[in-house]
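Report on the structure given below.
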């Protein structure tokens with residue numbers, strides 16, 4: 001199966017109607033890079049180079065990459081195994097498991113880390129950081145892999161079986177290769193997430209690159225070294241994105257025509273029923289039930305649990321509002337980039353996709369300071385107003401939405417677009433009436449995912465929100481700042497419960 | 001099916017786009033904007049009283065001291081803030097060095113002992129926090145007399161500390177200023193040789209002592225008092241130990257305020273009033289009783305149960321010099337403690 005392009009009269013250039021908004025999105029995503037350039041070179045190339053070339057930089061880089069590798073591996077194992085069990089086997093209550101496998105997304109990394117640390121202080125360090133990060137990020141792999149599994153035409157595996165392959169061999173040789181792009185895309189998001197994470201590594205006291213950047217802001221009150229270090233993260237991001245693009249190849253997996261595929265017949269589990277259920281229980285208990293139980297414990301003890309219902313409700317409402325706006329803007333910006341990434345080859349397409357990922361591995365504080373820098377100079381009216389905060393969310397989470405859009409467009413058969421073009425539709429109409437409509441469920445899933453990650457964001461929210469505005473994550477940070485874990489627990493619980501709604505929809509979502 | 005999906009998506013986008021415009025209408029002009037690196041839970045009550053006392057609307061932006069000072073530097077002359085309320089002297093010293101702070105009137109400065117304010121006259125300490133040892137009496141009956149004793153072999157594996165915490169770094173900076181770089185490096189090497197347990201912050205270090213994971217930890221005095229307020233003294237195992245006169249481990253650091261350059265005249269006026277209010281008897285009593293810190297303006301005494309600041313005889317040091325944190329960090333990293 002081949003992907004043909006949504007191309008205009010034989011050329012392989014994206015039409016302007018896609019290219020212009022995609023470039024706007026890319027420019028916004030590149031803002032932090034401009035800032036980093038200005039700041040890193042503040043004291044000359046020599047100084048920046050001294051910071052980067054320090055022996056410690058290499059050590060921290062190795063630690064960050066090592067952590068990312070382990071977490072990606074763990075997430076692949078958990079995400080792919082859960083997706084196979086839930087989508088392709090006759091495991092009882094598959095719908096419920098599917099929701100449970102998505103819910104860990106709702107758990108902020110710092111809450112997961114705190115839960116594990118309070119139960120087992122010995123976990124601090126690499127093990128704890130890897131564990132907490134894997135348990136909150138494996139849904140990034142589970143979701144696209146499960147979606148792809150549901151979209152795969154079972155006829156292919158059946159054909160392989162009829163040619164004499166056993167069920168495992170058919171799975172291995174026909175189905176798994178088709179999961180590779182989805183798994184690689186999810187793995188990339190996990191890797192970038194780990195590189196940018198501050199909460200879990202900080203609680204687990206595991207020194208990584210991002211933690212060093214934070215320490216640098218803290219220790220020297222000097223933005224130059226932090227900026228120079230951030231540039232290294234950007235370079236790493238570009239390398240990772242390029243490696244992922246290489247690994248997935250450009251093959252598409254669209255069927256010709258929607259609605260022709262039946263769902264695959266779920267495989268009977270037989271004597272594997274108990275181990276399979278056990279695995280699902282262990283993973284979801286560790287990733288969802290355990291942090292919730294820890295919060296329940298903190299709610300139950302301690303005298304600082306003074307319920308401020310009004311404050312909780314206000315923070316919850318604000319969180320929903322900014323996260324919805326963040327998800328809306330991010331999805332809108334991601335749409336043209338995602339379509340181009342899925343349908344076009346060539347340098348422009350490559351550069352646009354890479355630009356969209358530029359800010360993703362950067363610590364939130366770096367992105368926030370870059371927006372402070374630009375806004376106080378060129379956009380004073382929106383400084384410390386909601387539009388700027390929403391833009392920060394878009395810069396931070398554009399890749400999440402781009403990845404979802406790209407995957408959704410890849411699964412939509414391009415022949416329909418070609419057909420519409422040949423019938424004389426303009427590129428805009430093709431986009432609106434064919435591409436977006438076919439990809440809509442996947443795009444909506446991306447929006448829900450972005451919504452969840454916006455809800456949990458802390459460092460950028462801290463610097464860019466309108467003065468006096470509180471989100472649940474900020475309340476949580478405020479209360480734990482004084483050690484009032486019991487007072488923090490309601491906010492953490494509310495955050496998880498609210499983020500559970502889009503996670504629930506994602507888990508139930510069928511393409 | 002697909003049609004309804006795209007409609008739903010469009011509706012979602014439309015609603016989401018409306019939300020910010022609805023909530024954005026709240027941002028009218030404030031009389032005074034305070035950037036507070038101090039925790040909201042700790043200072044919100046007194047800042048609400050401050051609003052009444054200075055007679056104008058006060059907007060407080062809470063954040064992390066270091067991150068807010070980075071933000072102020074990034075904002076430059078365009079800052080929205082009139083007053084920076086910092087958790088420690090280091091962040092104020094850094095802003096002072098970059099020339100971001102306007103001077104305070106001498107009358108305001110004079111309300112506080114010269115040891116707890118900027119020599120340049122551009123920031124003033126509001127409350128004091130003392131470095132102490134917190135120990136687990138089940139593990140160590142008698143805590144050491146000096147922080148210097150912690151490098152003795154008998155403390156191997158028993159010490160907890162928070163190397164990335166600003167207060168720990170300020171303490172090491174203080175030691176460098178007091179005793180010189182060479183002897184501080186030796187002390188840090190001795191500490192490292194005793195394989196201390198690194199915690200992410202003071203609260204976790206306190207947890208470590210409480211649970212017996214470590215026997216003793218270096219932290220600020222009020223963490224212990226806050227824990228007692230949170231859980232009740234009966235369920236806190238750890239005990240607090242003040243270091244003797246002049247010991248570098250007993251450094252007194254301050255939380256303080258500075259007026260920002262770039263704020264308009266009106267805001268500067270309010271900022272000045274606000275600084276005065278924070279040094280008033282009412283505010284100083286609040287810090288003594290509610291946050292268990294040491295009041296710094298003359299005439300107000302500390303909370304019951306705390307030794308008098310004068311009796312502690314902390315080491316004499318220019319807190320403005322605590323901004324040489326970069327060298328400290330390089331040293332801590334060089335020794336391998338971070």
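Tabulated data
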| quantity | calculated |
| --- | --- |
| Residues that are within 15 Å of the chain's Cα centre (by Cα), assigned to a helix (DSSP H, G or I) and under 30 Å from residue B:338 (Cα atoms), drawn from region A:86-143 | A:109, A:133, A:134, A:135, A:136, A:137 |
| Members of region A:101-129 found to be buried (at least 24 other Cβ atoms within 10 Å of the Cβ) and over 17 Å from residue B:204 (Cα atoms), listed by number | A:101, A:102, A:104, A:105, A:106, A:107, A:108, A:109 |
| Lone qualifier among B:91, B:16, B:24 - being buried (at least 21 other Cβ atoms within 10 Å of the Cβ), touching a helix residue (DSSP H, G or I) at 6+ places or on another chain (Cβ under 7 Å), modelled with pLDDT under 85 and not in a strand (DSSP E or B) | B:16 |
| Positions within region B:36-78 being at the interface with chain A (Cβ under 9 Å from one of its Cβ atoms) and part of a strand (DSSP E or B), in sequence order | B:59, B:60, B:61, B:62 |
| Pick from region B:205-223, criterion more than 11 Å from chain A (Cβ to nearest Cβ) and out of contact with any helix residue (DSSP H, G or I) (no Cβ under 8 Å at 6 or more places or on another chain), ranking: nearest to residue B:133 (Cα to Cα) | B:221 |
| Criterion: under 30 Å from residue B:59 (Cα atoms), within 14 Å of another protein chain (Cβ to nearest Cβ) and buried (at least 20 other Cβ atoms within 10 Å of the Cβ) - qualifying residue of B:263, B:274 | B:263 |
| Test: residue A:201 is in a helix (DSSP H, G or I) and more than 22 Å from residue B:64 (Cα to Cα) | no |
| Options B:8, B:117, B:38, B:100; residue that is over 22 Å from residue B:325 (Cβ atoms) and either touching a helix residue (DSSP H, G or I) at 6+ places or on another chain (Cβ under 9 Å) or modelled with pLDDT of 90 or more (or both) | B:8 |
| Residue among B:141, B:137 that is in contact (Cβ under 8 Å) with a residue 12 or more places away in the chain and in a loop (DSSP other than H, G, I, E, B) | B:137 |
| Some residue of region A:174-184 being under 23 Å from residue A:286 (Cα atoms) and either in contact with a helix residue (DSSP H, G or I) (Cβ under 6 Å, 6 or more places away or on another chain) or crowded, with 23+ Cβ neighbours inside 10 Å (or both) | yes |
| 3 or more residues without any contact (Cβ under 8 Å) to a residue 40 or more places away in the chain: qualifying helices (runs of 4 or more DSSP H) within region A:337-438 | A:364-378, A:414-422 |
| Tally of residues being at the interface with another protein chain (Cβ under 10 Å from one of its Cβ atoms), in contact with a helix residue (DSSP H, G or I) (Cβ under 9 Å, 6 or more places away or on another chain) and in contact (Cβ under 8 Å) with a residue 40 or more places away in the chain across region A:462-478 | 9 |
| Count of residues meeting criterion [under 12 Å from residue A:455 (Cβ atoms) and more than 11 Å from chain B (Cβ to nearest Cβ)] in region A:320-335 | 0 |
| Selected residue (criterion: modelled with the lowest pLDDT) from residues of region B:202-220 that are over 19 Å from residue A:202 (Cβ atoms) and in a helix (DSSP H, G or I) | B:210 |
| Filtered residue count, region A:304-319, keeping only those that are at the interface with another protein chain (Cβ under 10 Å from one of its Cβ atoms) and assigned to a helix (DSSP H, G or I) | 2 |
| Hits in region B:289-301 - residues which are away from chain A (no Cβ under 14 Å) and buried (at least 20 other Cβ atoms within 10 Å of the Cβ) | B:294, B:295, B:296, B:297 |
| Among (1) within 14 Å of chain A (Cβ to nearest Cβ); (2) at pLDDT 90 or above, the one test that residue B:131 misses | (1) |
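So that you can scan it fast, the table gives a plain yes or no per residue for (1) surrounded by 24 or more Cβ atoms within 10 Å (Cβ to Cβ); (2) closer than 25 Å to residue A:214 by Cβ; (3) within 11 Å of chain B (Cβ to nearest Cβ):
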| site | (1), (2), (3) |
| --- | --- |
| A:367 | yes, yes, no |
| A:385 | no, no, yes |
| A:388 | no, yes, yes |
| A:394 | yes, yes, no |
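The values are calculated or read from the model by the stated rules, or taken from the named source; none is laboratory data. Every value quoted in this text rests on a predicted model; they were computed, and no experiment measured them. Every residue, glycine as well, gets a Cβ built from its backbone with ideal geometry; the counts of neighbours run over all protein chains shown.
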